[in-house]
Amino acid sequence: MIAIERTSLKDVADEVARALSFATIQGGSAYVSTSVTYPNGCAVVVRIDQDEQGYSVTDGGQGAFIAETIGGASSFPNIARAEAERAGVSFDDHSIFAIRVPRDRLPGATATIANVSNRAVERTALALETARHRRSQDQFRTRLRSAFGDRVAFDLHDVRGQWRSWKFDAGLMQGGRFNALFTFVPPAFNAVANASLKLKDVRGANEDARLVVALADYNKTEEGLRALLSTEADSIVAADSDPERFRQVAA
């Protein structure tokens, strides 16, 4: 077995900190607060320990804890395991870690663990948002079917505007013309900006059509973004509005 030179853990912590951020020593472990941040703004903290075989580097379960706080406890393990395997490190259903790390590779290992932990949380948050988006969109379609039956058409890919064609999530047609067009809009800024541009362009070519925005999450859509949409849309409703509400805004 190759002998491992034992050195002061404080010296090791200072060396890694100079390459990354800052470190503290607690209970025989070095904690490096990195410049990598989770989606909630918290810095990723990586723990370094020394034994006879080298150094171990771990996120100490911080990523799993943050994923749990956003409701991603069930989906995080599979996502974290895949991210760890892709980066050549390990995951044990709680922590992302690397073992037997040589001293000269500690900065790189620390950065890798921090980034893997962060990516796993980001992917978990994205998976949760995608699932919520899908549920909201399914509910939106169900409410429209209840409101209009066979009169409603979904996934309209060629609604003409003044300058180009646009996709709308649903529409009502009467006498060969649209009398109502519905667009489903998530709360993200880019989605709102795109919807606003689409509505403005389509308005010029379909002056008689009612343009309705169905917000995937009304409360999570900033008030200012709702105001932006209201300048182009005839009505803004929650995607889970009852059928009668949809009949009202389409009239």
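Just one of the listed residues (202, 192) is surrounded by 20 or more Cβ atoms within 10 Å (Cβ to Cβ) and more than 22 Å from residue 147 (Cβ to Cβ), namely 192. For region 176-225, the set of residues classified as among the aromatic types (Phe, Trp, Tyr) and assigned to a strand (DSSP E or B) consists of 178, 182, 184, listed by residue number.
Scanning region 47-54 for residues that are under 24 Å from the mean Cα position of the chain (by Cα) and either charged (D, E, K, R) or closer than 19 Å to residue 131 by Cβ (or both) turns up nothing.
With respect to the conditions (1) open to solvent by less than 70 Å² (accessible area, probe 1.4 Å); (2) among the hydrophobic types (A, V, I, L, M, F, W, C); (3) at pLDDT below 95, residue 126 lacks only one, and its number is (1).
Residues considered: 83, 52. Of these, the only one that is within 23 Å of residue 107 (Cα to Cα), of a type in the set (D, E, K, R) and crowded, with 22+ Cβ neighbours inside 10 Å is 83. Residues considered: 100, 164, 145, 135. Of these, the only one that is open to solvent by 50 Å² or more (accessible area, probe 1.4 Å) and within 21 Å of the chain's Cα centre (by Cα) is 135.
If you check 183, 231 for being exposed (fewer than 13 other Cβ atoms within 10 Å of the Cβ), in contact (Cβ under 8 Å) with a residue 24 or more places away in the chain and of a type in the set (Ser, Thr, Tyr), only one passes: 231. Hey, any hits in region 92-106 for a residue that's of a type in the set (S, T, N, Q) and outside any loop (DSSP other than H, G, I, E, B)? Checked region 92-106: no residue is of a type in the set (S, T, N, Q) and outside any loop (DSSP other than H, G, I, E, B). For region 162-189, a residue qualifies if it is aromatic (Phe, Trp, Tyr) and within 27 Å of residue 146 (Cα to Cα), and the qualifying residues are 166, 168, 178, 182, 184.
Taken together, 72, 63 contain a single residue that is buried (at least 18 other Cβ atoms within 10 Å of the Cβ), under 18 Å from the mean Cα position of the chain (by Cα) and farther than 24 Å from residue 23 by Cβ, which is 72. For region 235-251, residues that are of a type outside the set (S, T, N, Q) and either part of a strand (DSSP E or B) or open to solvent by less than 60 Å² (accessible area, probe 1.4 Å) (or both) total 8.
For residue 117, state whether it is surrounded by fewer than 23 Cβ atoms within 10 Å (Cβ to Cβ) and hydroxyl-bearing (Ser, Thr, Tyr). The answer is no for residue 117.
The set of residues in region 159-215 that are more than 18 Å from residue 235 (Cβ to Cβ) and basic (Lys, Arg) comprises 160, 164, 167, 177.
The values are calculated or read from the model by the stated rules, or taken from the named source; none is laboratory data. Given the structure is predicted, the values throughout are model-derived calculations rather than measurements. Backbone-built Cβ (ideal geometry, glycine too); neighbour counts: all protein chains shown. Note: areas computed on protein heavy atoms with side chains; ligands, DNA, RNA excluded. Shrake-Rupley method; radii C 1.70, N 1.55, O 1.52, S 1.80 Å.
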